[in-house]
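Worksheet for the structure shown next.
The values are calculated or read from the model by the stated rules, or taken from the named source; none is laboratory data. Quick caveat: nothing in here was measured; it's all calculated off a predicted structure. No Cβ is skipped: glycine too gets one built from the backbone with ideal geometry, and neighbour counts run over all protein chains shown. For accessibility, only protein heavy atoms count, side chains too; no ligands or nucleic acids. Shrake-Rupley method; radii C 1.70, N 1.55, O 1.52, S 1.80 Å.
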Amino acid sequence: MKIYTDTYYHLYNRGNNKDLIFFEEDNYTFFLNQFKKYVAPFCEVYSYCLMPNHFHFFIRINDEVLFEKGIKNFFISYSKAINKKYDRVGSLFQGRYKVSEITSDSYYTSIIMYIHQNPVLAGIVKNMEDYKYSSYAAYLSKKETILNRKEVLDWFGGLESFIDHHKTMMDELLVRKHLKI
């Protein structure tokens with residue numbers, strides 16, 4: 001899919017053959033640092049979640065040409081480091097990254113909550129705020145982040161409303177999962 005400047009996207013990919021892309025805690029931090037170095041200068045980041053075998057970002061592209069160059073360098077950098085560290089060969093990721101254009105206000109809201117709910121729905125943690133490799137906890141914190149925190153919190157009507165939206169949607173999803181609806 002062709003990407004365009006000033007457009008919102010859900011960016012994601014997973015490990016080749018659905019294998020792990022993160023093998024230990026340091027990998028998650030390294031991945032985020034490489035993303036910050038190579039990709040973040042060319043996009044606004046609204047949410048992310050790094051799962052053991054896949055990742056999600058919700059972004060808006062600021063410069064499509066520099067973004068494409070940066071993301072290519074990002075994937076090369078991360079893959080080379082992982083392959084060297086774990087004495088592996090071959091592709092780490094399942095092909096080129098994927099993007100889905102975010103085309104409506106409801107999709108904007110839904111994709112943020114979907115990304116944050118991944119670790120709970122996968123059974124890794126019971127609460128979104130307990131997962132270290134998701135932007136949800138960053139929204140609850142005052143620490144420096146790559147996130148465009150202000151825009152997202154304004155979108156939801158403030159931090160309290162942001163939390164309420166997430167909790168309500170999470171409760172509905174868990175009930176549906178439990179009832180197998």
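Restricting attention to segment 83-136, the residues being touching a strand residue (DSSP E or B) at 6+ places or on another chain (Cβ under 6 Å) and among the polar types (S, T, N, Q) number 5.
Comparison of 144, 129 shows that the only residue that is acidic (Asp, Glu) and either buried (at least 16 other Cβ atoms within 10 Å of the Cβ) or assigned to a helix (DSSP H, G or I) (or both) is 129.
Scanning segment 145-181 for residues that are of a type in the set (D, E, K, R) and within 17 Å of the chain's Cα centre (by Cα) yields 149, 151. A residue that is assigned to a helix (DSSP H, G or I) and surrounded by 14 or more Cβ atoms within 10 Å (Cβ to Cβ) occurs somewhere in segment 83-102. Restricting attention to segment 31-58, and to residues there that are out of contact with any Phe, Trp or Tyr (no Cβ under 7 Å at 6 or more places or on another chain) and open to solvent by 10 Å² or more (accessible area, probe 1.4 Å), which single residue is nearest to residue 134 (Cα to Cα)? Looking at the filtered set, the residue picked out is 32.
Among residues of segment 103-124 being assigned to a helix (DSSP H, G or I) and small (Gly, Ala, Ser), the one that is most open to solvent (accessible area, probe 1.4 Å) is 106. Taking the conditions (1) assigned to a helix (DSSP H, G or I); (2) open to solvent by 70 Å² or more (accessible area, probe 1.4 Å); (3) at pLDDT below 95 in turn, residue 72 satisfies each one other than (3).
Evaluation of residue 140 against the conditions (1) farther than 14 Å from residue 10 by Cβ; (2) in contact (Cβ under 8 Å) with a residue 40 or more places away in the chain; (3) of a type in the set (A, V, I, L, M); (4) touching a Leu at 6+ places or on another chain (Cβ under 9 Å) shows that the sole unmet condition is (2).
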